[in-house]
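Step one of this worksheet: look at the structure below.
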Amino acid sequence: MRRKRSRQKRKAERVLQWTLVVVVAVLSVYFVSRLAAPYLVSSSLVRSAMERAVAEWTGHTVRIDGTPEISFFPEPRITLNAVRISKPTAEGDKVLAEIERLSASFGLLDAVRGAPEFREFRLGRPRVFVERDEQGRLDWASEGRLSSAVKSVRPREGRHQTLEAAADAEVGSVTVEEGSIAIHDQTSRRTFVVDGILADVSWPRLSSALTAYVTLRIGGREARLDLSTPQPLLFFGGREASIGLAWSSPILTASFDGRASLAGDDLISGSLKAGIADVKSLAALTGARLPGIETARTASVSAELVKTGRDLRFDQLELTVDDAHATGILELSPPEHGRRRLSGTLAFDRIDVTRLLDAFSEKDDAGEAPPRQLDFDLSLSAGEARLAPFTIENIAASLLATNDKIQFDIADGTFASGRLQARLDGAGPSFRSGGTLQLSLADADLPDLAERLALKGPLPSGRGSLDLVLKADRPIWAADHTGIDGTIRFAASAGALGGVDTTALRRLAGEKPFFHLSEALGADLPFDTLVFAAHLSAGSATIDEARLEGPSEDLQLSGIIPYASQGLALSAVLSPPAVAGQTAVPPLRFFIGGSWPDPVLSPAP
């Protein structure tokens, strides 16, 4: 046993000795190679190879103004200072990018053989300038290795891409420190600047998947972008590609997992979720102009996107704007006459109609309607609709908004227990040429209607109907009394005019030359028919017909109601209906002046 243990000990010692020898040998070779590297590797050769590599990848002219630096510990790495990438144009060389420091690692043996291969790129303070034309093409397109790979790549089943071996190449990792990108969009004539970029990109080969983690600043706000795609070449080439995106910033949090196209600026299909903490700031940052965007505070949206032909459909849509929540289906159509079209159906729990219509009547600081980027054709429903200062229940409506007209229809709704139908037409963008309102309310509860309209004084009870046609040179809800023209008709049956005591009226008319209506309050005045019709103009209503027919008294009115000043200028005739075999009671004629709800009555001679 002692001899066996002795042999095992000597064997372990020999293994340890050989291990130490190998380690020492490897370390010796490593340090010797690093010490000898400056004498074995030509710095000018590595520099020129790096310069050629950048030119081959980008397909553009590369110029290096600074002095290159080469280090060999802990790994061989070259650093180029003041790198400029440009391309010739008719006006001269156009700068596409400026990089303060560009470095990459390379294999020592490859460099000794005169053909260094570069990997693990690091870009220090790069500034990239991009021009995007009206077709979505970028002026970075070239004949470089990356561009050639983009042109030759093909999609493959299973959300992958395939690339010929001749076009494939090793990329490795790319690190960006304090970078910036300025993108000038020819369509909107805006320049978008993204700075403070810190990025880590993992892209082993051109044919493989890409993963990137980016932090950046937009408009002075910090944000983070996580991107992954198994088809990076298809995506960069503006073709349909699978992609996963996650965006987080103080004003916007969003994610998308599906298929998208970079050149078309389109999402193709997939799951979309977004939450906006500050809608106004996001609109100012992106330059978006959508109705209501200036008044909204927060918003969120989630949907399943599906491309149907040229349209993009939002299935299983859930939309929340401030405290209003909606579900439905929307479709976004491609641009026609410079604008896209949004159509579909939305069901709200509650909706502010006034705020919605205000959004379509917004004007800029010069008083002009801002250009609208979308046409709308929507069907809307809501359990509760706010039309300040009123509330309509169970509304079913539609909204059509184009560049030359706006039309809002209430096909059905409940107001004061009656059925409400209405149409609001606006001429020109933002109601520039005025608006027209047609409204019909049938079988409404009159006391409830009076309460909702905040009317006071002797008012009818029972059920009735109201028809309105109004026209103004601006939005109806924004026009004052003197700027509205139109007609009004009100009718009711089987009710009573509250507190109008005709016996007291006749008595006071015989005693006083004038008196207030409040002095004649008492028993109600029943009626079988009540009709009021008038023309509205310049803040006054000219009566066309005003009559009350009842079992005991008939009342007729004529004259003008200057409602802008809450005044009255009327003549009235009160007469009992004729009864066969009885002496007719003479009619009582009187004038009505003063203001509602307590006008002054003066008997006529």
Per-residue ³J(HN,Hα) for the range 477-484, Karplus 6.51 cos²θ - 1.76 cosθ + 1.60, θ = phi - 60°, Hz, x for Gly and Pro: 6, 9, 7, 7, 4, 6, x, 10
J(HN,Hα) series, the range 527-533, from Karplus relation 6.51 cos²θ - 1.76 cosθ + 1.60, nearest Hz, glycine and proline x: 9, 9, 9, 9, 9, 9, 9
Interchain or long-range residues, amide H under 5 Å from G539's placed H: I484
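Length gain on complete extension for the stretch E549 to F73, per 0.36 nm per residue less the alpha carbon to alpha carbon distance? It would help to have the intermediate numbers written out before the result.
Working: separation 476, 0.36 × 476 = 171.36 nm, distance 10.77 nm.
Gain on stretching E549 to F73: 160.6 nm.
Nearest 0.05, what FRET efficiency do T89 and A274 give at R0 = 35 Å with Cβ-Cβ as r?
0.35
Say R0 is 22 Å: what FRET efficiency, to the nearest 0.05, do D323 and T414 get from their beta-carbon distance?
Given R0 = 22 Å and the Cβ-Cβ separation, E is 0.50.
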HN-Hα J in Hz across the range 441-447 - Karplus 6.51, -1.76, 1.60, θ = phi - 60°, x for Gly and Pro: 10, 10, 6, 8, 7, 5, x
Estimated FRET transfer efficiency when R0 is 60 angstrom, pair A82-R489 (beta carbons, to 0.05): 0.15
Whole-angstrom Cα spans of the range 477-605 along principal axes, big to small: 55, 31, 24
Whole-number accessible area per residue in Å² for the range 439-554, which is evaluated in the context of all protein chains at 1.4 Å: 49
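The values are calculated or read from the model by the stated rules, or taken from the named source; none is laboratory data. Everything numeric here is computed off the predicted structure, so don't read it as measured data. FYI the Cβ positions are ideal-geometry reconstructions off the backbone, even for glycines, and counts take in every protein chain you see. Areas reflect the complete protein model, heavy atoms only, side chains present, ligands, DNA and RNA absent. Shrake-Rupley method; radii C 1.70, N 1.55, O 1.52, S 1.80 Å.
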